[in-house]
Amino acid sequence: MAVGTASGKGSVSASKARCDAMSEVLADNWWAVGLRGVLGILFGLICLLTPGVAVEVFVILFAAYMLVDGVFAIISGIKAARNGERWGMLILEGIVDLAAGAVAVFWPAITLIALIWIVAVWAIVSGVLMLSAAFTLNLDHGRWWLALGGIASVIFGILLVIEPLIGAVVLTIWIGAYALVFGIFLLILAFQLHSRKEEREHKMPAGAAAAKKA
C-alpha cells in the first residue's frame, strides 16, 4: 500500500513538473500564439466583410490562413521539443492545418460540398488536438482560453456536419465568425502567457533571466 501511494505521488509530481515545463515553453513563445490570434481575427473580418466572394476566392483565403496558421502551430511545438518537452498535439494540429491548406491549394476546382466536409473534418480534428494540448497547460497560463478555442473549433465542425448543404455566403459568414472568436481566444491566451513570462522573469535572479533570454 505504501509503495502504491508513493508511486501515485511520484506520478502526480512528474505530471505537474511536465505541465510546469510545458507552460513555461509556451509562455516563452507567446508571440507565436499571439500571431495566430491576429491572423484568425483578420481572416474572420475579411470573411464577414466580404461574404459574397466567389468560392474560388474563398478557397484561396482559406488555404492561405491554414498554411500560415499551421506554420505558427508547428513553430510552437518545435520550440517545445528543442527544450526537451513534448508538445505533440500542437505539432499535430499544425500538420492538420497544413494538410487542409494543401488540399485547397492543389484542388482549386473543389466543389462547395467537398470544401464544407474538408473544413468540418479539419475543425473537429484540430479542435480535439487543441483540447488535448490545453490540459497540459497550467491554469494560470490560460488553460481555459486554449480549451475554449478547441471547443469553438469542435462545435463549428459539428455544425458543418449537421448542415452540409449551406450556401457559399453562409459558409463564409460561419467561418468568419468562427475565425474571429477563435482568434480572440488565442490573443487573450497570448497576453496571459506573456504576463506569466514577465512575472517569472521578475522573480528570477538577473543573471539567470539574462541567460534564459540568450
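The values are calculated or read from the model by the stated rules, or taken from the named source; none is laboratory data. In this text the structure is predicted, and so the values were computed from the model without any measurement. Glycine gets a Cβ as well: all are built from the backbone with ideal geometry, and neighbour counts include every protein chain shown.
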### Message
Out of 39, 48, I need the residue that is surrounded by 17 or more Cβ atoms within 10 Å (Cβ to Cβ) and part of a helix (DSSP H, G or I). Which one?
### Response
39
### Task
Those residues that are of a type in the set (A, V, I, L, M) and at pLDDT 80 or above, I need them from segment 28-55; list them, please.
32, 33, 35, 38, 39, 41, 42, 45, 46, 48, 49
### Task
Those residues that are of a type in the set (Gly, Ala, Ser), touching a Gly at 6+ places or on another chain (Cβ under 6 Å) and under 18 Å from residue 149 (Cα atoms), I need them from segment 57-80; list them, please.
70, 73
### Task
Taking residue 58 as meeting all but one of (1) modelled with pLDDT of 85 or more; (2) more than 16 Å from the chain's Cα centre (by Cα); (3) surrounded by 15 or more Cβ atoms within 10 Å (Cβ to Cβ); (4) of a type in the set (A, V, I, L, M, F, W, C), write down the number of the exception.
(1)
### Task
Exactly one condition in (1) under 20 Å from the mean Cα position of the chain (by Cα); (2) in contact (Cβ under 8 Å) with a residue 40 or more places away in the chain is not met by residue 128; state its number.
(2)
### Message
Please verify whether residue 132 is surrounded by 15 or more Cβ atoms within 10 Å (Cβ to Cβ), modelled with pLDDT of 85 or more and assigned to a helix (DSSP H, G or I), treating the condition exactly as stated.
### Response
no
